[in-house]
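What follows is a single structure, written as structure tokens, with notes after it.
The values are calculated or read from the model by the stated rules, or taken from the named source; none is laboratory data. Predicted, not measured: the structure shown is a model, and the values here were computed from it. All Cβ positions, even for glycine, are placed from backbone atoms using ideal geometry, and neighbour counts span all protein chains on display. Calculation scope for accessible area: heavy atoms of the full protein, side chains included, ligands and nucleic acids excluded. Shrake-Rupley method; radii C 1.70, N 1.55, O 1.52, S 1.80 Å.
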Amino acid sequence: SRLIDLPTCELQRLGEIADLVTSVRLSHIRKEKLALALKNEGYIPKLLQLFQVCENVKNTEGLHLLFDIMRGILYLDKAILFEVMFSDECILDVVGCLEYDPCLPQPGCHREFLTKTAKLQEVIPIRDPKLRQKICQTSRAQFIQAIILPNPSSFQEGFLSTLTSFISSTKEEILHGLQANEEFLPEVFAKLTNEATAGEQRCELIKFFKEFCAFSFMLPENRDEFLQTLAKLRVLPTLEMLMRMDDLQVRSATIDILSYLVEFSPAMVQKFVMEEARQSDKDTQLIIVVIEQMICNPDPEFGGDNQLTEILCALIDPEKMLATTSNLEIFEFLDIFYDRYIHVLTAPLLADTSEEWYEIGNDNFNFFPLKGLTALIFLLENYQTAEILASILDLLCFCLERHKYHMKIYIINKDLLRRTLVLMKSKHKFLALCALRFMRRIIGLKDELYNSYITLGNLFEPVVNAVLDNRNRCNLLSSALMELFEFIRVEDTQSLIAHLVENFSDALESVKYISTFQGLKTKYEQEKDQQNQQLN
């Protein structure tokens, strides 16, 4: 069909050109025709020549019109135009046009940023000139996308989708180019593991490798081959080494990479962890490093504390192991985990050092010359420590559900629930809730061995004290406490009901605004009546 007739590319006709570019926005066919006309007539280089003229003579009106024209051409969202606009010959003048937004009091500094600030930083030298050019082009395209996108409220579905696809496809080309170079990744790993590598350079290297992994895993067709390459390069021992470094940024990026591996290839990571567990009893194994990072982290939010918890859960989840491992091997691994590793995880909860100094974490935490649990309560004033303890309790709840046999032995042998319930006294309510949730999960298993452990140890005392402390308050902790007792009543767990009524009935009489405790008493009396009738 007939293409759109373009006005002559002259200064006096810039207003006419701007109106034309704006008028086609709502018509897909007219956008196609205009894009073809602009391409066929070599119109964009002509517009950029006018831009240079206007800038030299400081023609503000012409510069504002060229801003509207150039932005309008970008909004056409056509790949045939992007190839011209993002070329080395045109890109800086295109960005220059976008500096003169009529809505801004002063022109922007986009060209200065691209030429002086945003320089290509090669952590590993890129020797292929075409690949270098492609990397620069992608970077500039991303920059233009960032400065021309409208406010989020103005977004339309699929807006600038071709520009997004253009950037993604060039990234994919870059990725394939780097992967095709057999020397590239080995050089990255050699520098990461070399002790002589400067700290700043290693930090840039690991950030690059993180971005490289993130994009590689997004391409399903190359994912298996990429994972095989990483396995040959011993990626997991490398990450294990990097996670022990002092640099927080290096550790954070390393945790992100490990998280990708656990998400896309859990079997590879689990196999490595199980082989380490069988072959070595050193404290430098990956699983120990992950646990130590979690419980010794001076800045849980920056250091990816939630990620570490998810990684650890994935590594010790028997259901995920079943795909590649036999039941016997899983049981063997859990034996090793509860023999060697879990004590590292629970150390902050089980801290009972008599007259010794008590420490959680590393040198970033203070030392307290207090006895065991007293020191622990004192440490609960520290918000970061409370966050770490909450993460530990989340993991222990996970273990309760996945490792029923091993966890039961561990809890009873270490008297773990008693230690955990000390946290009910924390001023941080989220931590008190975590401690209560741990007990709720135990009771929810409806195991009489656990019930006997709770009643013989009188472990409801701190819970009842928390009820009395919160009886005149309406908060999440109060609701969680009521739910625990209501569960016991509904499930008719007689051993726990009898213990509560016989030991705490008088104390709970004062909590009159809820019927749960009266219901427990009624259940207890009904059970007594039935027992008497059976005896008679």
Given the chain, longest segment not containing exposed loop GluC sites (Glu not before Pro) (DSSP; at most 14 other Cβ within 10 Å): 382-508
Taking a ≥ b ≥ c as the square roots of the Cα gyration tensor eigenvalues, with a/c under 1.5 meaning rounded and otherwise prolate when a/b beats b/c, else oblate, which class fits the range 1-149? oblate
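Placing +1 at every Lys and Arg Cβ and -1 at every Asp and Glu Cβ, with all other atoms neutral, what dipole size does the range 1-149 have around its Cα centre, in debye to the nearest 20? Don't skip to the answer; put the middle values down first.
Details: 19 positive and 19 negative charges, 98 e Å.
In debye, rounded to 20, the range 1-149 gives about 460.
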Summarise the accessible area of the chain (1.4 Å probe, protein heavy atoms) by the percent that is carbon and sulfur. 49 percent
Does anyone have the angle between helix 327-336 and the longest principal axis of the chain? Alpha-carbon axes, 0 to 90°, nearest 10? 80 degrees
For the chain, longest principal axis from Cα atoms; helix 404-414 axis from its Cα atoms; angle between them, nearest 10 degrees, is 60 degrees
Could you state the angle between the C-alpha long axis of helix 28-40 and the longest principal axis of the C-alpha atoms of the chain, as a value from 0 to 90 degrees rounded to the nearest 10? 50 degrees
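Run the helix sum for the chain: -39,500 (n - 2.57) per DSSP H stretch of 4+ residues, divided by residue count, reported at 222 nm to the nearest 500 deg cm²/dmol.
Numbers: 29 runs with 359 residues, N = 536.
Taken over the chain, the calculation gives -21000 deg cm²/dmol.
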With Rg/Rh (Cα atoms, Kirkwood Rh) defined as stated, name the option among (1) 1.13; (2) 1.04; (3) 0.97 computed from the structure displayed. (1)
For the cross-link pairs LYS320/LYS404; LYS134/LYS171; LYS130/LYS191; LYS408/LYS446; LYS31/LYS134; LYS130/LYS171, which exceed 18 Å when the distance is taken from alpha carbon to alpha carbon? LYS130/LYS191; LYS31/LYS134
